[in-house]
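Step one of this worksheet: look at the structure below.
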Amino acid sequence: MDSDHRAVAVGALAEREYERAGDEYSRAGWDRLAEPREGRSPFDPDEKGWVGRALQRLVLAGVCYRVAGLDDRASARAREGVAVARDLRNALVEPAQRACLLEFAADFRVAGGLEGVGEAYDDARVAYEDAADTVESVDALTTTPLFQGAAGALRQVARGLENGEVAVSWHDLHGPDPADVGRFLAHRVRFKRQRFPSLLDRAVEAGYLAAPRGTTEYDNASFRCPDCGSTDVNWVTDHTLCLRCSTPMAER
């Protein structure tokens, strides 16, 4: 289970306090990394890859610092994340999981504004293509916490630029043909290489990062956003936020 730090991070996003959000996402990542699942070490082989949730929090920490204009802090968090992702390849033994950790390492480079983004995504692409024959069910694989975690930061950045809607679908991320396993998985990193840096640049320019999407309801009769007037609600962690602009909703 998540600690309270993720909920505090989401609250900080709602208040547009991006440095504090970065701090709390960092704490959430470190906390979850120590015990990714109850009773489980991050260094245990794990078919679900629960460490993905922790790595996602650390990527988001870097993103928050970038949006806050704290590039040095974003770079520091990213270098740390690259090292952690690469170290965890000693624990996760399945070739596709190890490729996903390389994908995470590339994401950290984007989040921190580090050099070598293209080469890092190329490393992940080759690793996915090489792992194709070892994957029994690509649908099951891509819905594990590891792979969901690796998609989470990109999707959160993108939805803030698209009025809170789902801006990167699973189809966008993977392509149309799961039977072609190598190409299906490699599409993840091709897509990210093309889109993640520019999406993050737009978020930095706008000075805005949306809260993650949780449980949603359109045209809710009980709430209205005091900022934009929307009645579309996003319930995430213990917060009731505007689906459109992530402002805390007011009851009506």
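What to note about this one:
- Gap separating the Cα centres of segment 90-162 and segment 52-70, nearest whole Å: 16 Å
- Taking all Cα-Cα distances within segment 61-170, those exceeding 20 Å account for 44%.
- Calculated from backbone phi, Karplus (6.51, -1.76, 1.60) coupling profile of segment 94-106 in Hz, x at Gly/Pro: 6, x, 5, 5, 5, 5, 5, 5, 5, 4, 4, 4, 5
- Label sites at GLU205 and SER169, each approximated as a point 7 angstrom past Cα along Cα to Cβ, lie 2.6 nm apart.
- Cα pair distances of segment 11-134 binned at 10 Å [whole percent]: 15, 42, 31, 11, 1
- Distant-in-sequence amide contacts of PHE223, defined by a placed amide H-H separation under 5 Å and a gap of 5 or more residues or a different chain, comprise ARG252.
- Sites ASN220 and GLN194 - FRET efficiency at Förster radius 41 Å, r taken between beta-carbons, to 0.05: 0.70
- Cut-off of 10 Å, at most 15 other beta carbons, DSSP loop: longest stretch of the chain lacking such GluC sites (Glu not before Pro): 166-252
- 5 Å binning of all Cα-Cα separations within segment 49-89, expressed as whole percents from 0 upward: 6, 26, 31, 20, 12, 5, 1
- Under Stokes-Einstein, with the Kirkwood radius over Cα pairs as Rh, the value for segment 197-252 at 25 °C and 0.890 mPa s is 209 µm²/s.
- Compared with the dominant Cα axis of the chain, that is its longest principal axis, helix 181-206 is turned about 40°.
- About the Cα centre, charge dipole magnitude for the chain (Lys/Arg +1, Asp/Glu -1 at Cβ), debye: 360 debye
- Relative to the 2.2 N^0.38 Å rule of thumb, segment 134-245 has a C-alpha radius of gyration ratio of 1.22.
- Across segment 41-55, rounded Karplus estimates of 3J(HN,Hα) from the backbone phi angles (6.51 cos²θ - 1.76 cosθ + 1.60, θ = phi - 60°) give 7, x, 9, 8, x, 8, 5, 8, x, 5, 4, x, 5, 5, 5 Hz, Gly and Pro being marked x.
- Largest-first ellipsoid semi-axes for the chain, taking √(5λ) over the Cα gyration tensor eigenvalues, angstrom: 29, 19, 18
All of the numbers you see were taken from the coordinates with simple rules; none came from a lab. Worth saying up front: this structure is predicted, and the values here are computed from it rather than measured. Using ideal geometry, Cβ is built from the backbone for each residue, glycine included, and neighbour counts are taken over all protein chains shown.
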